[in-house]
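Asks: There's a structure below that I have some questions on.
The values are calculated or read from the model by the stated rules, or taken from the named source; none is laboratory data. Note that the structure is predicted; figures quoted are calculated from it, not measured. No Cβ is skipped: glycine too gets one built from the backbone with ideal geometry, and neighbour counts run over all protein chains shown.
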Amino acid sequence: MEYFNKAEAVKLRSHLGKYLVADDDHHKLRQSKNGSTRNSIWLVELVKGKSHHVRLRNSNGRYLTATEAPFLLGVTGNKVVQGSLGDGWNGKLEWEPITEGLNVKLRSWCGKYLRGNGGTLPWRNSITHDDPYASTTHDWILWAVEPLEFPDKLLSSPETHFPSSFESEDELRGSEEPGSSLLQVPILGFLDKLT
């Protein structure tokens, strides 16, 4: 919980080295190697009366939400979507961060954990909440938390590119996702733009 108590905003990086990203459709979530877009920023809201719970709000004003809907029929794992306070989601917008080593697990309202999936389609880059039944998938529920400063300035411009500590030179040259745009700012000049 200490990661979230001290940060106004965070980025969450899965065991695959990919970031939790909100799609522009205001509904879907995915993982992306490109952690330099505003869609990878999650504003932290502490929940009144629940000192160990947080809500994570994206740049679209929507929240990381655990649903009861199965990701695929007959397969373990439930959908995680972007929800809003007015949609009647109530406690399904809340997550309990549990520290494990240098990472965190985010437990949903029903005791399952936020999970970044890998493998082939339709699993590739998907986000669910699930229990890690096998030791091989235990790490899939672990997330590295990257605290951010000045989230308002970062979110104010949809075209601003801010470097992630895990970006490679190739990722700075172009985006892996169709439709996402980057304005490349040199790292040294980036800090000057924030002050």
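Asks: Failed condition for Leu188, given (1) assigned to a helix (DSSP H, G or I); (2) modelled with pLDDT of 60 or more, with all others met?
Replies: Failed condition: (2).
Asks: Which one of His26, His52 is at positive phi, over 13 Å from the mean Cα position of the chain (by Cα) and surrounded by fewer than 16 Cβ atoms within 10 Å (Cβ to Cβ)?
Replies: Only one candidate qualifies: His26.
Asks: Of all residues in the stretch 55-86 being outside any strand (DSSP E or B) and in contact with a Ser or Thr (Cβ under 8 Å, 6 or more places away or on another chain), which is surrounded by the fewest Cβ atoms within 10 Å (Cβ to Cβ)?
Replies: Gly61
Asks: If you go through the stretch 77-86 one residue at a time, do you hit one that is free of Cβ contacts under 8 Å to residues at least 24 places away in the same chain, of a type outside the set (A, V, I, L, M, F, W, C) and touching a Lys or Arg at 6+ places or on another chain (Cβ under 9 Å)?
Replies: Checking the stretch 77-86: at least one residue is free of Cβ contacts under 8 Å to residues at least 24 places away in the same chain, of a type outside the set (A, V, I, L, M, F, W, C) and touching a Lys or Arg at 6+ places or on another chain (Cβ under 9 Å).
Asks: While we're looking at this one, here's another question. What residue, among those in the stretch 120-177 that are assigned to a loop (DSSP other than H, G, I, E, B) and acidic (Asp, Glu), is modelled with the highest pLDDT?
Replies: For the stretch 120-177, the residue satisfying everything is Asp131.
Asks: Is it the case, given these coordinates, that Ser40 is within 23 Å of Arg124 (Cβ to Cβ) and either β-branched (Val, Ile, Thr) or at pLDDT 95 or above (or both)?
Replies: When the stated conditions are applied, Ser40 passes them.
Asks: Additional query: Return the residues of the stretch 102-119 that are touching a residue at least 40 places away in the same chain (Cβ under 8 Å), of a type outside the set (A, V, I, L, M, F, W, C) and assigned to a loop (DSSP other than H, G, I, E, B); say none if nothing qualifies.
Replies: Scanning the stretch 102-119 gives Ser108, Lys112, Asn117, Gly118.
Asks: Quick one: is Ser36 farther than 17 Å from Ile141 by Cβ, assigned to a strand (DSSP E or B) and out of contact with any strand residue (DSSP E or B) (no Cβ under 6 Å at 6 or more places or on another chain)?
Replies: Spelling it out, it is not the case that Ser36 is farther than 17 Å from Ile141 by Cβ, assigned to a strand (DSSP E or B) and out of contact with any strand residue (DSSP E or B) (no Cβ under 6 Å at 6 or more places or on another chain).
Asks: Quick one: in the stretch 109-135, of everything that is of a type in the set (S, T, N, Q) and under 14 Å from the mean Cα position of the chain (by Cα), which residue is surrounded by the most Cβ atoms within 10 Å (Cβ to Cβ)?
Replies: Thr128
Asks: Let me ask something else about it. Identify all residues within the stretch 94-111 that are of a type in the set (Asp, Glu) and closer than 22 Å to Lys48 by Cβ; write none if there are none.
Replies: Glu94, Glu96, listed by residue number.
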